[in-house]
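The structure under discussion appears below in the form of structure tokens.
The values are calculated or read from the model by the stated rules, or taken from the named source; none is laboratory data. The model shown is predicted, which means the values in this text are computed figures rather than measured ones. Cβ placement follows ideal geometry from the backbone for every residue including glycine, while neighbour counts extend to all protein chains displayed. For the accessible areas, the whole protein counts, side chains as well, though only heavy atoms, and no ligand, DNA or RNA atoms are used. Shrake-Rupley method; radii C 1.70, N 1.55, O 1.52, S 1.80 Å.
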Amino acid sequence: MTTSEDARETGDADKSTVPQERPAPEDPFDHDVLPAPKGASLSLLRSLLAPRRARVRLAAVLLLLQQAAVQAGPLLVAFAIDRAVPAFRDGDHGPLIAVGAGYLGCALASGGLQFAFIRVSARISQDVLLDLRSRIYRHVQVLSVDFHDRYTSGRLISRTTTDVESLRELLNEGLEELLGIALSVVYIALTLLYLDWGLGGAAVLSFWPLYLLIRSFRRRSARVYRARSTATAAVIVAFTETMNGIRPVQAFRRERANDARFDELNGRHQRINGTAVLEMARYVVGSRLIANTAVAAIVLWGAYRVASGGLELGVLAAAALYLRRLYDPIDRLGMFLNSYQSAAASLEKIAGLLAQRPSVPEPADPRPLPPRPARAPGREVVFDGVRFAYRTGGEVLPRFDLTLPAGQTVAVVGATGAGKSTLAKLLARFYDPTDGRVLLDGVDLRDLATPELRRGVVMVTQEAFLFSGTVAENITIGRPDATRAEVEQAAKAIGAHDFITALPDGYDTDVRKRGGRISAGQRQLVAFARALLADPAVLILDEATSSLDIPGERAVQRAMDTVLRGRTAVVIAHRLSTVEIADRVLVMADGRVVEDGAPGALIAGEGRFATLHQAWRDSLV
């Protein structure tokens, strides 16, 4: 059974089976682009490049020199035609030999400098991408549970794969292209102005219509690539959710409906890609038309001046070569703008993700918990005037006051939507109260540093999540420094040692994805061994036996007797067999405690728990 707050709190793996309440339209998580401060994308890029300033400067110098070597060629051609060839006819071979040697030297220098630039720039781009992926991974782990409940894992996957890949294309190829084009334009324009003011001025003026075309293309393509990034994320989200929920998809024959939904998303992605190609085609055709017209006009004018004696032939030849070099990169500029717009949209989304702050922040001035004697029975828990509401729904706990003495085991029962799981998540500080305080030995949970809180309070959920890796590694998650002997001791105390040693490699057996190699009951025992090894003062069991069969439930209940001993415990229970181990029972309804007492006293009464208990006993007959 799943409470309504559980449905809101369920991760992506459960979204295909649990109805989800849709966020309000103004909820920023309902959109693919998370809100970010103005200029966050540029700030992120600067922070990524800042540690690599020296290599960026070196790359810039190498590119400057490489472009100088490349653009020297037409100047040498002009010198050869106007000076070296006439000198050669007069018997002076030196100028022509010097031109040949200079051309060869420029070619060799250009190749060597480009090789060095590619090596340096590739190192910069790989370091930047490594840093960015690490930042995203670290950041999403720090963000609070409510963020992950509302921002799907498919979108996070898209941020770390598709969007980072867009940046890789820009850094590896696009930036070199842009800088090369910019430098060649500057070099060529200055050289043409040096060779002849008229030709140079005409070439510079011809760039005005190209500038207007580029600006128009950039504006249109920005919208297209932002939409494409969103469409790509939607496809990944649909695929991820289907794969995570493949069992209910097949059990409830959702294949056809999922196919229709995926085809719609895939078709939208295809249409947006088609629009991007069309925009690129418009740009290429327009730029070539302007460039060819400008080259033809300038060369014809130059030829007329040569014929009339106002311009040297070598200067015209060099100008013609330079004009082709000037306009040829314009097509490549369109490709760069494609990469740039795609990367800009991706960087905007990554910056928005990294700008998110945990809704459960670290305390600015953390307080320590009072010292706990070695054999102390847990810690006292107090809910003081607590109110709580999820962002996507109404108030779940209207006002809640409760004191749990140290060492007491409290079972919490109630109908679906009563607020039981919300109570557990507030105690684990997955959320902060809307109002009021949750105290642990008199210290507000908001004043505790996260490591100290996690050492003191541990939660075992209905679905015992195991990571890929060995059984021993999964048990030591709560205490990574534990020895193998301590791991085995915890497993023996729980009753898990026998089944673990029967596995192919014992404690070194790889449990595979989500612990799929072992049964649900065995996964729950491993989770209890993990909790026992962590030795928390407060333990929360959120419906820890609700998904188990009778033999598995009995094995887990025996383990519970061990793991709860000497701790404060909150047991969220739907199966009333779990309640039998409790010192105290709370019956919740509409976010309030409506019954509170020892199990025996409540069973002997005529309240809700007595009715629930009788119904449970009747179901066993």
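Could you pull out the residue among Leu65, Leu58, Leu75 that is closer than 24 Å to Gly111 by Cβ, free of Cβ contacts under 8 Å to residues at least 60 places away in the same chain and of a type outside the set (Phe, Trp, Tyr)? Write out each step before concluding.
On the way: Leu58 fails: free of Cβ contacts under 8 Å to residues at least 60 places away in the same chain; Leu75 fails: free of Cβ contacts under 8 Å to residues at least 60 places away in the same chain.
Result of the check over Leu65, Leu58, Leu75: Leu65.
Modelled with pLDDT of 85 or more, in a helix (DSSP H, G or I), surrounded by 16 or more Cβ atoms within 10 Å (Cβ to Cβ) and not polar (S, T, N, Q): which single residue out of Ala318, Ala303, Ala260, Ala351 fits that description?
Of Ala318, Ala303, Ala260, Ala351, the one residue that is modelled with pLDDT of 85 or more, in a helix (DSSP H, G or I), surrounded by 16 or more Cβ atoms within 10 Å (Cβ to Cβ) and not polar (S, T, N, Q) is Ala351.
Of the residues Leu445, Leu453, Leu466, which single one is surrounded by 15 or more Cβ atoms within 10 Å (Cβ to Cβ), in contact with a Gly (Cβ under 6 Å, 6 or more places away or on another chain) and not acidic (Asp, Glu)?
Within the list Leu445, Leu453, Leu466, the selection yields Leu466.
Can you find even one residue in the range 168-175 that is modelled with pLDDT of 80 or more and part of a helix (DSSP H, G or I)?
Yes; the residues of the range 168-175 include at least one that is modelled with pLDDT of 80 or more and part of a helix (DSSP H, G or I).
Taking Pro366, is it more than 24 Å from Ala598 (Cβ to Cβ) and under 36 Å from the mean Cα position of the chain (by Cα)?
Numbers: more than 24 Å from Ala598 (Cβ to Cβ): yes; under 36 Å from the mean Cα position of the chain (by Cα): yes.
For Pro366, the condition - more than 24 Å from Ala598 (Cβ to Cβ) and under 36 Å from the mean Cα position of the chain (by Cα) - is met.
Which one is farthest from Ser339 (Cα to Cα), of the residues in the range 224-275 that are free of Cβ contacts under 8 Å to residues at least 40 places away in the same chain and of a type in the set (Val, Ile, Thr)?
Among those residues, the one meeting the criterion is Ile246.
Step by step: first the residues of the range 400-431, then only those that are without any contact (Cβ under 8 Å) to a residue 60 or more places away in the chain and part of a strand (DSSP E or B), then the one that is most open to solvent (accessible area, probe 1.4 Å). Which residue is that? Spell out the reasoning first.
Here is the first cut: in the range 400-431, the ones without any contact (Cβ under 8 Å) to a residue 60 or more places away in the chain are 401, 403, 426.
Still in the running and part of a strand (DSSP E or B): 401, 403.
Details: Asp401: 85, Thr403: 66 Å².
Within the range 400-431, the match that is most open to solvent (accessible area, probe 1.4 Å) is Asp401.
Filter the range 207-223 for residues that are touching a residue at least 24 places away in the same chain (Cβ under 8 Å) and aliphatic (A, V, I, L, M) and give the result.
Result: Leu210, Leu213, Ile214, Ala222.
For the range 463-500, give me the residue count where each residue is closer than 18 Å to Gln557 by Cβ, more than 29 Å from the chain's Cα centre (by Cα) and aliphatic (A, V, I, L, M).
5
Checking Arg437 against (1) outside any strand (DSSP E or B); (2) modelled with pLDDT of 90 or more; (3) over 25 Å from Ile581 (Cα atoms), which single condition isn't satisfied?
For Arg437, the failing item is (1).
Mind listing whichever residues of the range 367-399 are open to solvent by 70 Å² or more (accessible area, probe 1.4 Å), part of a loop (DSSP other than H, G, I, E, B) and in contact (Cβ under 8 Å) with a residue 40 or more places away in the chain?
Here is the first cut: in the range 367-399, the residues open to solvent by 70 Å² or more (accessible area, probe 1.4 Å) are 367-368, 371-375, 380, 387, 391, 395, 399.
Then drop every residue that is not part of a loop (DSSP other than H, G, I, E, B), which leaves 367-368, 371-375, 380, 391.
Within the range 367-399, Arg367, Pro368, Arg372, Arg375, Glu380, Arg391 meet the criteria.
Which of the residues belonging to the range 490-523 are of a type in the set (A, V, I, L, M, F, W, C) and open to solvent by less than 50 Å² (accessible area, probe 1.4 Å)?
Matches in the range 490-523: Ala490, Ala491, Ala493, Ile494, Ala496, Phe499, Ile500, Leu503, Val511, Ile518, Ala520.
Here is a check on your reading of the model: is Phe336 surrounded by 20 or more Cβ atoms within 10 Å (Cβ to Cβ), among the aromatic types (Phe, Trp, Tyr) and over 17 Å from Pro209 (Cα atoms)?
Working: surrounded by 20 or more Cβ atoms within 10 Å (Cβ to Cβ): yes; among the aromatic types (Phe, Trp, Tyr): yes; over 17 Å from Pro209 (Cα atoms): yes.
Criteria met by Phe336.
Which fully enclosed helices (runs of 4 or more DSSP H) of the range 66-158 have 1 or more residues being open to solvent by less than 30 Å² (accessible area, probe 1.4 Å) and farther than 30 Å from Arg446 by Cα? Reasoning before the result, please.
Values: elements: 85-89, 94-142, 145-150, 153-158.
Counting at least 1 such residues, we get 85-89, 94-142, 153-158.
Take Val277 and tell me if it is assigned to a helix (DSSP H, G or I) and more than 27 Å from Gly198 (Cα to Cα). Don't jump to the end; show me each part of the working.
On the way: assigned to a helix (DSSP H, G or I): yes; more than 27 Å from Gly198 (Cα to Cα): yes.
Against the criterion (assigned to a helix (DSSP H, G or I) and more than 27 Å from Gly198 (Cα to Cα)), Val277 qualifies.
Val381: closer than 15 Å to Tyr431 by Cα and among the aliphatic types (A, V, I, L, M), yes or no?
For Val381, the condition - closer than 15 Å to Tyr431 by Cα and among the aliphatic types (A, V, I, L, M) - is not met.
In the range 178-192, which residues are more than 42 Å from the chain's Cα centre (by Cα) and among the small types (Gly, Ala, Ser)?
Ala189
Have a look at Ala203, Ala182, Ala189, Ala227 and point out the one that is part of a helix (DSSP H, G or I), hydrophobic (A, V, I, L, M, F, W, C), over 19 Å from Ala297 (Cβ atoms) and open to solvent by less than 40 Å² (accessible area, probe 1.4 Å).
Only one candidate qualifies: Ala227.
How many residues, within the range 478-489, are touching a helix residue (DSSP H, G or I) at 6+ places or on another chain (Cβ under 6 Å) and open to solvent by 10 Å² or more (accessible area, probe 1.4 Å)?
Of the residues in that region, 3 qualify.
What single numbered condition from (1) of a type outside the set (D, E, K, R); (2) open to solvent by less than 50 Å² (accessible area, probe 1.4 Å); (3) modelled with pLDDT under 80 fails to hold for Leu602?
(3)
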